[in-house]
2 protein chains.
Amino acid sequence: MYEPLTEQKAIALAVRLGLFGKDALLSCKEIGDGNLNLVFRIVNERTNDSIIIKQALPYAKVVGESWPLTLKRATIESQALRTFASYVPQYVPKVYYSDESLAITVMEDLSHLQIARRGFIEGKTFPNISEHIGEFIAKTAFYTSDFGMNQQQKKKLAQQFTNPELCKITEDLVLTDPFFDHDTNNFEAELRADVEQLWQDDALKRETAKLKRRFLTKADVLLHGDLHTGSIFASDDETKVIDPEFAFYGPIGFDLGQFFANLLLNALARDERDRKPLFHHIEKTWDVFIRTFSELWRESNEPYATVSGVLHDVLRDALTEAIGFAGCEVIRRTIGLAHVADVDELPLERRLDVKRHALRLGRELIVQREQLPIHAIKQLVQQTVHVNS
Amino acid sequence: MYEPLTEQKAIALAVRLGLFGKDALLSCKEIGDGNLNLVFRIVNERTNDSIIIKQALPYAKVVGESWPLTLKRATIESQALRTFASYVPQYVPKVYYSDESLAITVMEDLSHLQIARRGFIEGKTFPNISEHIGEFIAKTAFYTSDFGMNQQQKKKLAQQFTNPELCKITEDLVLTDPFFDHDTNNFEAELRADVEQLWQDDALKRETAKLKRRFLTKADVLLHGDLHTGSIFASDDETKVIDPEFAFYGPIGFDLGQFFANLLLNALARDERDRKPLFHHIEKTWDVFIRTFSELWRESNEPYATVSGVLHDVLRDALTEAIGFAGCEVIRRTIGLAHVADVDELPLERRLDVKRHALRLGRELIVQREQLPIHAIKQLVQQTVHVNS
């Protein structure tokens with residue numbers, strides 16, 4: 001039966017699992033933010049070896065209120081980490097143990113790394129993050145798609161990763177509420193005129209509707225589902241993707257889009273002259289993605305994989321989706337329920353400028369997504385600095 | 001435990017279920033074609049009341065060979081009939097009972113109706129079939145889509161209708177094999193040059209790849225999955241859709257496309273002057289579909305349903321898919337494993353003409369699908385009578 005762990009019980013579990021040596025001297029600290037999960041860090045004080053025990057809480061605390069949230073997300077998370085590990089073990093924490101009824105995942109401690117969002121805010125560049133994330137997305141996407149996996153087996157995997165409750169969070173908070181006058185939205189009073197203009201923008205909403213429909217219907221590849229820079233631990237050399245509790249079968253461009261958007265939000269929050277590393281990461285991620293995906297393509301057993309133009313169409317589709325979903329993410333992090341520290345930590349006047357810029361950029365990403373090449377993203381950032389009269 | 005029924009055991013089951021009165025005098029006859037299913041018709045000789053007991057066999061006999069085929073399809077079939085009945089009870093046989101382990105569905109006997117394909121071959125017009133099928137598809141599509149059903153509930157329904165083995169039959173025999181030199185293909189030696197030209201047509205295959213990808217990935221609405229004129233019982237007044245063992249969550253235009261294609265194949269097999277009722281049915285089905293779907297649209301709880309243009313985009317998407325999948329079906333019924341009696345019963349010379357016409361028509365439906373209005377389908381039939389030089 002489910003019960004929340006205490007630090008004591010977390011240690012007892014670690015001992016029972018035999019993850020440390022016999023004469024280990026274990027200490028434990030709960031280090032989670034307490035909103036969605038308990039996170040226990042257990043250290044052997046003699047060797048400094050450590051592990052993480054993550055336990056889902058049966059509710060989420062957002063905006064002060066708590067709403068019930070399925071514990072099944074812990075199972076989704078551990079299964080997603082294991083599935084990803086079968087393709088790219090270098091980019092996910094090792095899972096040592098999971099317990100479905102306790103909603104627990106016991107895994108590698110990554111405390112030697114830093115959450116990428118925080119690092120970027122501090123001005124770090126993480127020179128290898130785009131190489132790593134591009135490879136992570138390309139390999140997990142290809143091998144879980146109809147091109148890289150037995151197509152019947154894929155349908156069963158998609159069935160297993162049916163994740164309605166977590167998907168609903170994205171459907172509402174990313175793809176719907178920010179585009180309507182909805183009470184989950186959260187923005188500075190000074191932005192009201194800009195936001196109302198967006199709510200009245202039927203051309204934009206017609207395109208956002210298409211993106212939402214893709215998210216709702218296109219069971220294409222196993223996605224992380226929440227791949228922002230807060231879901232990535234990094235250093236100069238290493239990159240680890242964490243927290244795939246939103247994992248589900250969705251459109252191939254979605255993870256790319258979330259990642260691009262969070263790089264863009266960091267870029268917008270910086271001085272113009274300091275944005276180059278972020279644009280570099282966006283373009284490099286895409287380059288590594290298409291290079292890796294195209295190499296894997298030769299392994300495909302799908303007969304159409306040999307037909308001229310098909311790979312091109314799949315990649316274009318991915319880029320179109322990535323740009324569109326990036327636009328949605330930029331907008332929802334600006335006026336929706338959950339913001340990003342990159343922008344929220346700015347002083348008010350600067351923040352308002354950045355947010356207005358973000359709204360214009362997000363819109364153009366969405367409505368222009370069909371034909372844009374990857375390098376046009378940084379041009380769009382430039383073109384949306386000022387209001388277009 | 002599964003065992004195939006005998007006529008004796010079928011009667012015993014009917015008695016046990018109490019489907020006839022106490023003093024019924026029951027007779028039973030197995031009337032199936034024996035390829036995939038046993039079909040027992042049980043009649044009360046005193047009243048002429050009757051029922052059907054359908055039992056899936058654990059193999060399929062096609063081209064003389066038998067291959068194993070999941071019994072789960074009986075469960076899919078009875079669940080699909082029940083789901084459809086909750087929206088359009090007038091267009092499906094009543095289900096009285098089902099038994100998962102015996103792979104049995106006990107249902108209404110429709111022997112007073114005729115299989116629509118056979119009727120069309122005999123020159124019947126079934127004046128109401130398009131009104132009924134248009135309404136059947138519109139209502140089942142809307143109410144099982146993200147626009148007509150709770151979006152979380154829909155994901156669970158899609159999970160329940162995961163149908164990899166039956167989907168694979170369509171993926172292979174409809175969407176792949178006919179476009180490649182594959183040993184399941186089956187066509188007259190005289191057609192070889194035409195067929196080889198099709199196999200070398202990369203522009204066509206690039207488009208077919210997109211349609212296959214939609215079929216593989218787009219979990220949009222609960223489909224019948226095999227809605228050709230052989231899956232429809234009809235009279236002048238009544239229409240009943242049977243045999244939804246291929247049911248799964250797929251692209252909204254697929255059932256429409258299969259139905260259009262089989263009307264087109266019958267049209268091609270007729271003298272030109274007798275084709276009008278078939279074209280009428282195609283256009284009427286579409287008109288009823290959009291009229292019904294658009295009325296239901298007003299009930300939608302999806303916030304984007306109120307945004308200008310979104311309904312238009314969904315309907316255009318449906319038509320584009322319908323035309324494209326119709327093209328695939330026309331081609332596969334011409335050169336693939338399973339043909340249609342409409343064409344196969346023609347004398348050789350006429351049959352070859354019709355099949356060459358069908359190949360040209362199928363190709364154009366696929367490559368031109370994006371922009372064609374519904375009435376352009378009959379024009380395409382005209383334009384593809386002769387080889388375009």
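The values are calculated or read from the model by the stated rules, or taken from the named source; none is laboratory data. It should be emphasised that the depicted structure is a prediction, and the values quoted were computed from it without experimental measurement. No Cβ is skipped: glycine too gets one built from the backbone with ideal geometry, and neighbour counts run over all protein chains shown.
Condition check for B:SER294 on (1) without any contact (Cβ under 8 Å) to a residue 40 or more places away in the chain; (2) touching a Cys at 6+ places or on another chain (Cβ under 7 Å): one failure, at (2). Put simply, of A:ALA234, A:ALA141, A:ALA158, A:ALA219 the only residue that is within 26 Å of A:PHE84 (Cα to Cα) and touching a Ser or Thr at 6+ places or on another chain (Cβ under 6 Å) is A:ALA219. Residues considered: B:ALA376, B:ALA318, B:ALA338. Of these, the only one that is surrounded by 14 or more Cβ atoms within 10 Å (Cβ to Cβ), closer than 14 Å to B:LEU265 by Cβ and not β-branched (Val, Ile, Thr) is B:ALA338.
Of the strands (runs of 3 or more DSSP E) entirely within the range A:213-276, those holding at least 2 residues that are closer than 24 Å to A:ASP172 by Cβ occupy A:221-223, A:248-250. Flag: B:ILE76 does not match the condition of being touching a residue at least 24 places away in the same chain (Cβ under 8 Å) and assigned to a strand (DSSP E or B).
Considering only residues in the range A:32-46 that are in contact with a Phe, Trp or Tyr (Cβ under 9 Å, 6 or more places away or on another chain) and at pLDDT below 95, the one that is surrounded by the fewest Cβ atoms within 10 Å (Cβ to Cβ) turns out to be A:GLY32. Within the range A:295-351, the set of residues being assigned to a loop (DSSP other than H, G, I, E, B) and farther than 30 Å from A:ASP194 by Cβ comprises A:ARG298, A:GLU299, A:SER300, A:ASN301, A:GLU302, A:VAL307, A:SER308, A:GLY309. Would you point out which residue out of B:GLU108, B:GLU100, B:GLU122 is farther than 20 Å from B:PRO244 by Cα, more than 14 Å from every other protein chain (Cβ to nearest Cβ) and more than 16 Å from the chain's Cα centre (by Cα)? Result: B:GLU122 is the single residue among B:GLU108, B:GLU100, B:GLU122 that is farther than 20 Å from B:PRO244 by Cα, more than 14 Å from every other protein chain (Cβ to nearest Cβ) and more than 16 Å from the chain's Cα centre (by Cα).
Would you please name the residue that is surrounded by the fewest Cβ atoms within 10 Å (Cβ to Cβ), looking only at residues in the range B:143-167 that are within 11 Å of another protein chain (Cβ to nearest Cβ) and in contact with a strand residue (DSSP E or B) (Cβ under 6 Å, 6 or more places away or on another chain)? This residue is B:CYS167.
Yes/no per residue for (1) in a loop (DSSP other than H, G, I, E, B); (2) not polar (S, T, N, Q):
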position	(1), (2)
A:ASP146	yes, yes
A:GLN152	no, no
A:ALA158	no, yes
A:THR162	yes, no
A:LYS168	no, yes
A:ASP183	yes, yes
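In this structure, is B:THR170 more than 12 Å from every other protein chain (Cβ to nearest Cβ), under 15 Å from B:TYR249 (Cβ atoms) and surrounded by 16 or more Cβ atoms within 10 Å (Cβ to Cβ)? So B:THR170 fails the test. Within the option set B:PHE161, B:PHE142, being under 27 Å from B:GLY336 (Cα atoms) and of a type in the set (A, V, I, L, M, F, W, C) holds for one residue only, B:PHE161. Of all the listed residues (B:SER308, B:SER389), the sole one being modelled with pLDDT under 95, surrounded by fewer than 20 Cβ atoms within 10 Å (Cβ to Cβ) and more than 26 Å from B:PHE215 (Cα to Cα) is B:SER389. Candidates in the range A:185-198 are the residues that are outside any loop (DSSP other than H, G, I, E, B) and in contact with a helix residue (DSSP H, G or I) (Cβ under 7 Å, 6 or more places away or on another chain); of these, the one that is nearest to the other protein chains (Cβ to nearest Cβ) is A:LEU198. Is it the case, given these coordinates, that B:THR217 is at the interface with chain A (Cβ under 9 Å from one of its Cβ atoms), buried (at least 20 other Cβ atoms within 10 Å of the Cβ) and touching a helix residue (DSSP H, G or I) at 6+ places or on another chain (Cβ under 6 Å)? Taking the combined requirement at face value, the residue does not satisfy it. Just one of the listed residues (B:PHE289, B:PHE293, B:PHE279, B:PHE259) is under 26 Å from B:ASP109 (Cβ atoms) and out of contact with any strand residue (DSSP E or B) (no Cβ under 7 Å at 6 or more places or on another chain), and it is B:PHE259.
May I ask you to verify whether B:THR208 is more than 7 Å from chain A (Cβ to nearest Cβ), of a type in the set (S, T, N, Q) and surrounded by fewer than 20 Cβ atoms within 10 Å (Cβ to Cβ)? Against the criterion (more than 7 Å from chain A (Cβ to nearest Cβ), of a type in the set (S, T, N, Q) and surrounded by fewer than 20 Cβ atoms within 10 Å (Cβ to Cβ)), B:THR208 does not qualify. All of A:ASP201, A:ASP177 fail the test of being facing chain B (nearest Cβ under 9 Å), modelled with pLDDT of 95 or more and more than 28 Å from A:GLU295 (Cβ to Cβ), apart from A:ASP177.
So in the range B:260-299, with the set limited to residues that are buried (at least 23 other Cβ atoms within 10 Å of the Cβ) and of a type in the set (S, T, N, Q), which one is nearest to the other protein chains (Cβ to nearest Cβ)? So the residue we want is B:THR285.
Could you tell me which residue of the range A:305-321 is farthest from the other protein chains (Cβ to nearest Cβ), considering only residues that are without any contact (Cβ under 8 Å) to a residue 40 or more places away in the chain and not aliphatic (A, V, I, L, M)? The extreme case among them is A:ARG316. Run down B:PHE142, B:PHE126 and say which single residue is assigned to a loop (DSSP other than H, G, I, E, B) and out of contact with any Pro (no Cβ under 7 Å at 6 or more places or on another chain). Sole residue among the options that is assigned to a loop (DSSP other than H, G, I, E, B) and out of contact with any Pro (no Cβ under 7 Å at 6 or more places or on another chain): B:PHE126.
The residues listed here are A:GLU302, A:GLU329; of these, the one that is surrounded by 17 or more Cβ atoms within 10 Å (Cβ to Cβ), within 14 Å of another protein chain (Cβ to nearest Cβ) and either among the charged types (D, E, K, R) or touching an Asp or Glu at 6+ places or on another chain (Cβ under 8 Å) (or both) is A:GLU302. Of all the numbered requirements in (1) of a type in the set (A, V, I, L, M, F, W, C); (2) at pLDDT below 95; (3) outside any loop (DSSP other than H, G, I, E, B), A:ALA14 misses one, and that requirement is (2).
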